[in-house]
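To start, the structure itself, in C-alpha cells.
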Amino acid sequence: MESAADDTVTGASGGAHDEDTGAHAGPATNRRTPWPARLTARLRQLPLPPAARPLLAPLALYGVLKLTGLAVFAALLEYAGDYHGKNPRFGGGAHWWDVLATWDGWWYLQVAEHGYQPALVRLETEGLFTVRQNSVAFFPLYPSLIRMVSEATGLGLYGSGILVSVLCSFVAAAGIYSVVRLVAGVRAGTLAAGLWAVAPGAGVEWAVYSESLFVAIAAWACHAVMTRRWVTAGLLAFLAGLNRPTSAVLIGAVGLAALVTLARPAARREHGVRGPVYAMLVAPLGLLSYVAWVGWSTGEATAYFTLQREGWAHFFDYGAYTLDVLRNLAVGRHDYVFAFSVPDLLSLQLVLALPFLVALMLRKRPPLVLVAYTLATLVTVLGTQQMFGNTMRYLLPAFPLLIAPAAALARLRPLVLTVFFTTAALASGWYAHYVLFELGVP
C-alpha cells in the first residue's frame, strides 16, 4: 500500500499543492478556468488570513448543500406531520427542528443537563434487553461541550447542541478537504467536502449527535499523521476516545502508522522516535480511561460492554447479524432484529457498494493511516450487531472512501457538477435526513 516513507504524504499529488497557494487570483476570472477555481478566487478576495482562504470554497460548498438538504427535510416533516404525534424522545416534538434532538440526542442532552448516574440495573426479563439503559453509554466529550457552550453563551442546551454539531461539521469538512487534497488535489478535496454533506446518514451532522465532532477529530488526526505532526495526532486520538467507542479504529490507525514509522530505519531517522512513541502511548488513554471509569463507578469492570450488549443489544458478533440481514433482504423478508424496511434497503445498497469503493480507494494508494482507519471502520460496523438501517450513519466517519469518487468528479465540467450536487442535495433531505429520523431509528 505504501511505497515511500511510511505514512506521510510529501507532494504526492502531482502539483496539487501549488493550486493552494493563492496564485489563481488572476486567471481565475477566465471562463475556461476549471471549477471550483473561479469560486475559490472570488472567495480569496475576502479579508481573511491567508491560511483560511483555501478552506472557503469547500466550506461554502458544504454549507450550501447542507442547508438545501435540511430545508427539504423540514418540508417533508411538515408535509407528513407524523412527528406531531410521536413521543418527543422518539422522533417527535412541537416543531420540526425538535426532531433533531430526539433518540440519541435526548440522551446527550440529559447528560449535558444532569451529568451521569452510573448504574448497571438488571431487569427481570429474558428478552432482548436484560439491563436498563443508562446514560454512561454515551461518551462525555460532546455533552460536555454542549454544557460549556450553553454556560458561555446563554443558549439553551438544545441550541448549544446544534451549534456545537454545526461548527464541528465545518471543522470536519475542512479536515476532509485537507486530507483529500494531499492525496488527490485541491479540486478533489473541495468536492469531497461536498460529497460528505450529501452522504447517506449525513442528516446527523446538523443534529444533536456526536458524529460531526468525531469526524472532525478523526480527519485532522489523520491529516496530522500525514504531515508528521505526531504529538497532534496522539492528542486528537486521545480526544476521540472521550467522544465515541468507535474511536478504537482511529486509535489503532494512528498507533499502526506510528509503529510502522518506528520499524523503518529511514522513516525513523526522518521522523525521530519521540513523536511516534508519544502518539502510540497517548492515543488510547481517553478511551481506556472512560471505560475504566464506568467499570469503577458501577462496580463491574466490564460494565460498559455489558450495558452495550444487554441494554442496547449492540455487540461485536463477527458479522453474523449483518449476514442474517443480507440473507433476509435478498429474499424479501424482515425476520431479523431491528428491521426497518426503507433504511435497511438503503443501507443494503451502500454495503453492496463498499467493495467497489474500497478497491477504488486502494487504487489511489492513500497513506497507511487512511487505509487502516477505513478498513477498521468497515470491519467494526459490519461485524457488529446493531440497527442495520443505521449502517449509513455508522459509515459516515469512513470519509477516505470519498477520495476516489471526488477525484472522478473533479474531471467533470462545472455544469455537470452543478446538476449532480443540486440533485444530491435535494434528495439528501429524504435519504440522509427523513429516512433516518422518521422511517427508522437513528
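The values are calculated or read from the model by the stated rules, or taken from the named source; none is laboratory data. Because the structure is predicted, anything quoted here is derived from the model rather than measured. Using ideal geometry, Cβ is built from the backbone for each residue, glycine included, and neighbour counts are taken over all protein chains shown. Accessible surface is based on the protein model in full, side chains and every heavy atom, while ligands, DNA and RNA are left aside. Shrake-Rupley method; radii C 1.70, N 1.55, O 1.52, S 1.80 Å.
Some values worked out for this structure:
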item	result
Residues located in the stretch 227-283, provided they are closer than 26 Å to Ser144 by Cα, polar (S, T, N, Q) and over 18 Å from the mean Cα position of the chain (by Cα)	Thr232
One residue from Ala353, Ala372, Ala320, Ala359 being buried (at least 19 other Cβ atoms within 10 Å of the Cβ) and at pLDDT 95 or above	Ala372
Selection from the stretch 61-79 of residues that are open to solvent by 40 Å² or more (accessible area, probe 1.4 Å) and either among the hydrophobic types (A, V, I, L, M, F, W, C) or closer than 15 Å to Ile162 by Cβ (or both)	Val64, Leu67, Ala71, Ala75, Leu76
Filter result for the condition that a residue is of a type in the set (A, V, I, L, M, F, W, C), at pLDDT below 95 and out of contact with any strand residue (DSSP E or B) (no Cβ under 8 Å at 6 or more places or on another chain), over Val254, Val273, Val282	Val273
Residues of the stretch 387-408 that turn out to be open to solvent by 20 Å² or more (accessible area, probe 1.4 Å) and farther than 19 Å from Phe214 by Cα, as a count	3
Evaluation of Gly159 against (1) open to solvent by 10 Å² or more (accessible area, probe 1.4 Å); (2) within 29 Å of Ser297 (Cβ to Cβ) (one fails), failing number	(2)
Residue within the stretch 235-243 that is free of Cβ contacts under 8 Å to residues at least 40 places away in the same chain and small (Gly, Ala, Ser) present	no
Spans of helices (runs of 4 or more DSSP H) in the stretch 179-282 with at least 2 residues buried (at least 21 other Cβ atoms within 10 Å of the Cβ)	186-197, 211-226, 230-240, 247-263, 274-282
For Pro366: the one exception among (1) farther than 15 Å from Leu195 by Cβ; (2) under 18 Å from the mean Cα position of the chain (by Cα)	(2)
Pairs where the first residue, in the stretch 312-329, is farther than 22 Å from Ala137 by Cα and the second is of a type outside the set (A, V, I, L, M, F, W, C) and assigned to a helix (DSSP H, G or I), C-beta under 8 Å, 6+ apart	Val325/Asp344; Leu329/Asp344
